[in-house]
Amino acid sequence: MAGHTETKQWKAAEEADKQKGRRPKGEEKKVPFYKWIDGLEITVDAFKYGRIEGCKGYFLSHAHSDHYQQLSSSWSHGPIYASQTTINLIKLKLGVKDEWLHALPLDETVKVDGIDVTLIDANHCPGSVLFLFEGPHTDPKSPYSKTPNRIFRYLHCGDFRASPQHIHAAPPFVDPLPGRIQKKLDAIYLDTTYLAPSYCFPAQELVINACADLVRERIPDVKPDVKPKTERLLVLVGTYSIGKERAPDTRRVYACSIVKAIAHALSTKIYCDARKRDLFLAQDDPDLHSLLTDDPLAGQVHVGWLRDINREVMSDYLAKYKAPRVEGGFTKMIGLRPTGWTYRSETKDKVPSIPKILALEQQRKFSPAGLYPQRDSTPMCMAFGVPYSEHSSFFELTCFALSLDYTRIIPTVNVHTAGSRTKMKSWIDRWAAEKKRRADARMPRIVPFRALTYW
């Protein structure tokens, strides 16, 4: 696309993002171009704009509030398409009426208004998906709307944690994009939350294992000839409303979530409040359901909120279940605050070369030694920031982009200022140059990976 046209699109998007309050009667809210799928009469995660003129299908990538903002029980603007788990969650949380909700299957291609749509697990939160759209332009305003034989292919990533499984197909694993991922994509709508080299945090699987090992290290040793200690550890994991509890999909080898990994390490149950319990039960995960308990003393793993992981809240929380005042209670507590924003970059090079990034990150290991106590921790209540995110790291975004064939990448996060977009564009351009260099050098098209779950 010509640079002038793209500049005009982003300028119009900035104006749309600045809209506030109610619009005059009869005037529709402007919708940024990156919320539309180019040439199609569908939008993704655009509920904050209400009724959208010309939109025949409203797609929702996952049930996080920043993606369904303004969606409510009064919705009546058009059909909503999402995964079954996401449909369950927005019915539970928002009370959206059944008549508007259409659950689509994973890994199967279905027709929606003449467009082939395939949902792929996004490795983000329960129910989160990528959308692959394939079909002719149906928007009458598109110059291609009168050429129905021209098929366009768009991949919308919503929020996702990129892994080789999104690219690679090998028995017994099912190809996430039924054999068509290798065809050229006209555009990738990319989750650019961490599109900066300072966010090359460790692979999920390594971090999850490190958290489980950290907990094991703090379980008192019990020797056969010594009277057992009365210490009992409580682990509080801070989460968003939907996220860090994510369980492995039985059709793939995605790593267990932090919550489940620690529950297995302690051979214990998981306790949470009624609100989170309802959210968990709305997910299609019998294994997670079997670990839940409504007895706070039966579960050594408790699920709270990210904001709970600080000394004051943790001290008050432990006091409610403190032994010996409470029989069967806990004596110490560990709090885990999983988020990619806690990561401490190990390099001072602000603009490393892409080959250097690939070489360094593919050697990266992670252990409990990389988990640092927060400054307000005490011997009784230890809080740890965990470099765990369900968004792709910069390294993973780089591997993902290098491994796919596409015409254009459209950022969907951190796009509200020209400065931020310019920084991201510089890396997108560098990815394109590196793809060409690798092709000229006859290097593998797919970036080599350490495991099917991470590069």
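The values are calculated or read from the model by the stated rules, or taken from the named source; none is laboratory data. Here the structure is a predicted model, which is why all the values come from computation and not from measurement. Counting neighbours? That spans all protein chains shown, and the Cβs are built from the backbone with ideal geometry, glycine included.
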Any pair with Cβ under 8 angstrom, 6 or more apart, that starts in the stretch 383-395 at a residue that is closer than 15 Å to Trp431 by Cβ and ends at one that is part of a loop (DSSP other than H, G, I, E, B) and among the small types (Gly, Ala, Ser): Ser392/Ala162; Phe394/Ala196
Cβ-Cβ under 7 Å pairs, at least 6 apart or on other chains, the stretch 362-379 side within 25 Å of Arg307 (Cβ to Cβ), far side basic (Lys, Arg): Asp376/Arg311; Ser377/Arg311; Thr378/Arg311
Filtered residue count, the stretch 444-455, keeping only those that are surrounded by fewer than 14 Cβ atoms within 10 Å (Cβ to Cβ) and free of Cβ contacts under 8 Å to residues at least 60 places away in the same chain: 1
Residue pairs meeting the criteria (Cβ under 8 Å; at least 6 apart or on separate chains; first among the charged types (D, E, K, R), in the stretch 73-95; second part of a helix (DSSP H, G or I)): Lys91/Asp98; Lys93/Leu279
Yes/no for Lys356 being within 23 Å of Met424 (Cβ to Cβ) and either in contact with a Ser or Thr (Cβ under 9 Å, 6 or more places away or on another chain) or among the charged types (D, E, K, R) (or both): yes
Residue satisfying all of: in the stretch 282-304; closer than 14 Å to Ala63 by Cβ and of a type outside the set (Asp, Glu); modelled with the highest pLDDT among these: Ala282
Residues of the stretch 272-290 classified as free of Cβ contacts under 8 Å to residues at least 40 places away in the same chain and either closer than 19 Å to Leu106 by Cα or part of a helix (DSSP H, G or I) (or both), total: 9
Any hit, the stretch 48-55, residues being of a type in the set (Val, Ile, Thr), more than 27 Å from Tyr144 (Cα to Cα) and surrounded by 12 or more Cβ atoms within 10 Å (Cβ to Cβ): no
